[in-house]
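The values are calculated or read from the model by the stated rules, or taken from the named source; none is laboratory data. Quick caveat, the model's predicted, so the values are computed rather than measured. In this analysis, Cβ positions are derived from the backbone assuming ideal geometry, glycine residues included, and neighbour counts consider all displayed protein chains.
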Amino acid sequence: MSKAFRDRIQTMNEMYKLPVHDTPHLFEGTDDRLLKFKKTLLDEVAEIDDIVNQIHRDASEIEVQVAIADLLGDIIVYCRSEAMKYGIPLEEVLDIIMDSNESKLGADGKPIYDENGKFLKGPNYWKPEPRIRELLAEYAPKK
């Protein structure tokens, strides 16, 4: 049986001597850490241009699919690793965000989209941040 993704990220963080926290944590210099993380993500996102160029050069369908899969996978790995550094229970946060996304349906129970295909907020929408705050408080070290 293979290890869960979260466990594999923890093993990776430990192997590369990256922080691992089980409870919410902020670092001295969190602002600098976040800016470095942003740069890492922007470097990854810039790979989209390479993929678009592959498409324009008539790369094979499988090569473009591989490039997209690698791009998305790298971003997810970086994000999961970063969450672990901050002691954020990311899978639970994602459940809250998905529940919130599902609350965006229109009054008729159908999705509402903008011109880019992003979901718009319907009348029953609720913000995820209060529930995320509650979740993180549950994990916070007791003082």
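What the table shows:
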read-out	value
Filtered residue count, segment 23-71, keeping only those that are among the small types (G, A, S) and either in contact (Cβ under 8 Å) with a residue 12 or more places away in the chain or surrounded by 11 or more Cβ atoms within 10 Å (Cβ to Cβ) (or both)	2
Top-ranked residue in segment 99-143 [being in a loop (DSSP other than H, G, I, E, B) and among the polar types (S, T, N, Q); ranked as surrounded by the most Cβ atoms within 10 Å (Cβ to Cβ)]	S103
D49 being of a type in the set (D, E) and under 26 Å from P128 (Cβ atoms)	no
Checklist (1) surrounded by fewer than 12 Cβ atoms within 10 Å (Cβ to Cβ); (2) closer than 30 Å to N124 by Cβ; (3) outside the structural domain of Y113 (by TED's automatic domain parsing) applied to K17, failing item	(2)
Some residue of segment 27-41 being closer than 14 Å to K85 by Cα and over 21 Å from the mean Cα position of the chain (by Cα)	yes
Residue within segment 67-81 that is basic (K, R) and either closer than 28 Å to E134 by Cα or part of a helix (DSSP H, G or I) (or both) present	yes
Qualifying residues in segment 84-98 (those that are part of a helix (DSSP H, G or I) and among the hydrophobic types (A, V, I, L, M, F, W, C)) - the one surrounded by the most Cβ atoms within 10 Å (Cβ to Cβ)	M84
I48 being outside any loop (DSSP other than H, G, I, E, B), modelled with pLDDT under 95 and either over 25 Å from A4 (Cα atoms) or touching a Gly at 6+ places or on another chain (Cβ under 9 Å) (or both)	no
Given (1) in contact with a Phe, Trp or Tyr (Cβ under 8 Å, 6 or more places away or on another chain); (2) not assigned by TED's automatic domain parsing to the domain that holds D50, number of the condition R80 does not satisfy	(2)
Tabulated pairs, segment 127-143, first not assigned by TED's automatic domain parsing to the domain that holds H25, second surrounded by 10 or more Cβ atoms within 10 Å (Cβ to Cβ) and among the charged types (D, E, K, R), C-beta under 6 angstrom, 6+ apart or interchain	L135/E92
Any chance S81 is within 26 Å of P19 (Cα to Cα) and surrounded by 14 or more Cβ atoms within 10 Å (Cβ to Cβ)	yes
